[in-house]
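**Q** Okay, here's the structure, questions in a sec.
The values are calculated or read from the model by the stated rules, or taken from the named source; none is laboratory data. If you're wondering where the values come from, they're calculated on a predicted model, not measured in any experiment. Every residue, glycine among them, receives a Cβ derived from its backbone with ideal geometry; neighbour counts consider all protein chains shown. With ligands, DNA and RNA removed, areas are computed over all heavy atoms of the protein, side chains included. Shrake-Rupley method; radii C 1.70, N 1.55, O 1.52, S 1.80 Å.
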Amino acid sequence: MRDFSPNHEWLSINTATIRKQRGAEVPLGRIIDQCAAHDIRAISPWRDQVAAAGLEATARQLKALDIRLSGYCRGGFFPAPDAAGLKAALEDNRRAIDEAKALDAPCLVLVVGALPGALEGQAAYKNIARARAEVRDGIAASLEYARSAGMPLAIEPLHPMQAADRACINTLEHALDLCDELDPQRSGMLGVALDVYHVWWDPKLAEQIARAGRERLLAYHVCDWLTPTRDLLSDRGMMGDGVIELRKIRTWMEDAGYAGDAEVEIFSAIDWWQRDGDEMLATCIARHTSVV
Ligand code: ZN
């Protein structure tokens, strides 16, 4: 396993981690400058932040500061109640692939979606098998376009507590089954984003990471699971403050061939987003070198 203690060469910051500082939204251009000031070499930005900052301006800024992407957040949300909705989702995913390409991302992360409308409070239907079929078809269609663009798609399995509203793919095994079905040749164009927050509890985690192998392991997201967890979406912990065996999971990842970034992705409305952004980044660096 790589030794992260001497420096933070392999640290990436998912820009959601510092999108709010002292409770206020911070523009992406400022976030990128802060990362550069802390000598952070990689980020993973979100589409809404890029849209607000401008795609070309963001690409120029990253190039000027020599900052790479560890992924682009995010595509997906394929299920819809009708044909027009399904079509609109595919079009939106094609745009996301184009943006990821413009930013030279190594992959587009997919939060695949679940029961349409559930995120807004009213599911249009309750048939999760239907949602999973629509996800499968949506990824299959998007993969064709992704291949032509040369942009790998990374399915992120989400914790089952988010199966209704954000993603109906909830285990690494399920994600890899889909990868094997749609990309049996293991082309490198379809794989997974493994986020410890979503999968740390899975009794099959070690065997499924080994099964995934280098071609499927496209991104690695870290944070920690707090006890108690006070909010299902945005009470993620700083690495080292919770119960996830981070070193053990990274060993499994690297034994399987993963050699990319450890991307810090912390949604923390009640704690870290209320703090100073530079304090947050300094803590991420300290924990990256000591516990990740
Ligand atoms: Zn993630």
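**Q** Roughly how much of F267 is accessible, in Å² to the nearest 10, using a 1.4 Å probe?
**A** Around 30 Å² of this residue is reachable by solvent.
**Q** While we're looking at this one, here's another question. Give the carbon-plus-sulfur fraction of the accessible surface of the chain in %, rounded to a whole number; probe 1.4 Å, heavy atoms of protein chains only.
**A** Here carbon and sulfur together make up 52 percent of the probe-accessible area.
**Q** Please report the antiparallel percentage of the DSSP beta bridges confined to the chain, to the nearest 5.
**A** Among the beta bridges of the chain, antiparallel pairing accounts for roughly 15 percent.
**Q** Could you give the accessible area per residue of region 152-226, probe 1.4 Å, as a whole number in Å²?
**A** Heavy-atom accessible area per residue stands at 30 Å².
**Q** Suppose all protein chains stay in the model; what accessible area per residue would a 1.4 Å probe give for region 1-136, in Å²?
**A** 46
**Q** If one computes the Cα centroid of region 256-285 and of region 21-74, what distance in Å separates the two points?
**A** What the calculation gives is 14 Å, centre to centre.
**Q** Which sequence of H174, H221 reflects their accessible areas, 1.4 Å probe, from the largest down?
**A** The most accessible residue leads, giving H174, H221.
**Q** Turning to a different aspect of this structure: Residue farthest toward the positive end of the dipole of the chain, with Cβ of Lys/Arg at +1 and Asp/Glu at -1: which of A37, A114, C223?
**A** Working it through, the farthest residue towards the positive pole turns out to be A114.
**Q** Between beta-carbons, use under 14 Å as the cut-off and find the net charge around I67, counting Lys and Arg +1, Asp and Glu -1.
**A** Surrounding charge for I67 is -2.
**Q** Here is a follow-up. Quick one: angle between helix 172-182 and the longest Cα principal axis of the chain, in degrees between 0 and 90, rounded to 10, please.
**A** Helix 172-182 sits at roughly 50 degrees to that axis.
**Q** Run the simple label-point estimate for K126 and D66 please: 7 Å along Cα→C-beta, distance reported in nm.
**A** The answer from the label model is 5.8 nm.
**Q** Suppose every K and R has +1 on its Cβ and every D and E has -1 on its Cβ; what is the size of the dipole of the chain about the Cα centre, in Debye to the nearest 20?
**A** With Lys and Arg at +1 and Asp and Glu at -1, about 180 debye.
**Q** Turning to a different aspect of this structure: Between A84 and R2, what is the label-point separation in nm under the 7 Å Cα-to-beta-carbon projection?
**A** With each label point 7 Å from Cα toward Cβ, the separation is 4.8 nm.
**Q** Accessible area per residue, 1.4 Å probe, Å², for region 247-292: what's the number?
**A** It amounts to 36 Å² per residue over region 247-292.
**Q** For S290 paired with E245, estimate the spin-label separation in nm (one decimal), with each label point 7 Å from Cα along the Cα-to-Cβ line.
**A** The two pseudo-label positions are separated by 2.2 nm.
**Q** How big is the chain in terms of Cα radius of gyration and Dmax, in angstroms?
**A** Calculated on Cα positions, Rg and Dmax stand at 17.9, 53 Å.
**Q** So for region 11-290, if I pair up every lysine 8 or more residues apart or on another chain, how many of those pairs have alpha-carbons under 27 Å apart?
**A** Eligible lysine pairs with Cα atoms under 27 Å apart amount to 6.
**Q** What FRET efficiency, computed as 1/(1 + (r/R0)^6) with R0 = 25 Å and r the Cβ-Cβ distance, is obtained for A52 and D231, rounded to the nearest 0.05?
**A** Calculated transfer efficiency: 0.50.
**Q** So what's the net charge close to A282: Lys and Arg +1, Asp and Glu -1, counting the other residues with Cβ under 12 Å from its Cβ?
**A** That works out to -2.
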